[in-house]
Amino acid sequence: MVFLWPNLLWLLLAVPLLVLLYAWLLHRRKQAALNYPSLGLVRAALGPGQRLRRHIPPALLLLALVALLLAAARPLAVIKLPSEQQTIMLAMDVSGSMRATDVQPDRITAAQDAAKAFIAELPRHVRVGIVAFAGSAQLAQLPTQSHEDLVKAIDSFQLQRGTATGNGIMLALATLFPDAGIDIAALGGRQAMRARSLDEVTNQDPAKTFTPVAPGSYNSAAIIMLTDGQRTTGVDPLEAAQWAADRGVRVYTVGVGTLQGETIGFEGWSMRVRLDEDTLKAVALRTQAEYFHAATAADLKKVYETLSSRLTVEKRETEISALLALVGAALAVLAAGLSVWWFGRVI
């Protein structure tokens, strides 16, 4: 905990002085009891519980004073608060390699089930958009608060050839920043199914100046990219990650499948697919996000549960003066109430 006005903490030195003053007053009362034997007999008749009770209201009042003095110094503490995240873009791999069955019942089904469970746990005020990418990227669902529309979009996935992870990131960014100069047509369709540089899919207006921000500083949106293979076409994912980092957007990456990979067949051809962990880790690192590996369907659900908690709750340094002032006021009222109840007077 830190304080905005730490100099006011010197006032806490009055607390031990008040304790000494209280002890001195008790001593004077004790001397009075010795001078008046009848008072001594009355106090001797009181049990230890009764004698202890008389100290409770002053102790509560002292704690109230401490809380109010701390509040006056304007303390800051790191506490968990609802996130400012308003939009989450899910960029999901729908390449043919998602047929692999190393994740039961298969990668695509496990990914769909986990994504739907993730959406169901999100607060209703959070909008979610869905990008499906294979050899090209398509916007499956504009950001919406309708969980029903999101589930329909996820259920409509159709597997295709190729893996353009960079295109998936860029299309998600184009959805978040529609005026950023990203050529959406270059990311989807047949023309997108080849390796491209970032310059080919972006067209920044010369009249507009862009100043990069700190990576991870954009708190209104985030991207979650789920994939199971290596990029085979489209924009380099590291270039796309840098584009996201310059705009402060975090790209959380999720790798699905075993690290050893698997050989799959599709429409008469076969290939071995392997998870490109190094690239996914680099994408997450560059955007100040995190990488997760899911080798099973259960792992995948846990990943989405973790992401849900990370994206809906965040730790922030917050001033808690009001909270301490409320505690101090409550303690003072409690001290006065107990004193009136037990002794018929205010402390």
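Miscellaneous remarks
- Filtered residue count, region 301-313, keeping only those that are open to solvent by 40 Å² or more (accessible area, probe 1.4 Å) and either at pLDDT below 85 or of a type in the set (Lys, Arg) (or both): 5
- Selection over region 320-339 of residues that are crowded, with 18+ Cβ neighbours inside 10 Å and free of Cβ contacts under 8 Å to residues at least 60 places away in the same chain gives a count of 0.
- Met98, sole failed condition from (1) of a type outside the set (Asp, Glu); (2) at pLDDT 85 or above; (3) open to solvent by 20 Å² or more (accessible area, probe 1.4 Å): (3)
- Number of positions in region 207-233 that are at pLDDT 90 or above and either open to solvent by 40 Å² or more (accessible area, probe 1.4 Å) or assigned to a strand (DSSP E or B) (or both): 13
- Once region 118-140 is narrowed to residues that are over 24 Å from Ala297 (Cα atoms) and in contact with a Gly (Cβ under 9 Å, 6 or more places away or on another chain), the residue that is most open to solvent (accessible area, probe 1.4 Å) is Gln138.
The values are calculated or read from the model by the stated rules, or taken from the named source; none is laboratory data. Just so it is clear, the structure is predicted and the values come from calculations on it, not from any experiment. Please note: Cβ atoms are built from the backbone with ideal geometry, for glycine as well, and neighbour counts cover all protein chains shown. Heavy atoms of the whole protein, side chains included, go into the accessibility calculation; ligands, DNA and RNA do not. Shrake-Rupley method; radii C 1.70, N 1.55, O 1.52, S 1.80 Å.
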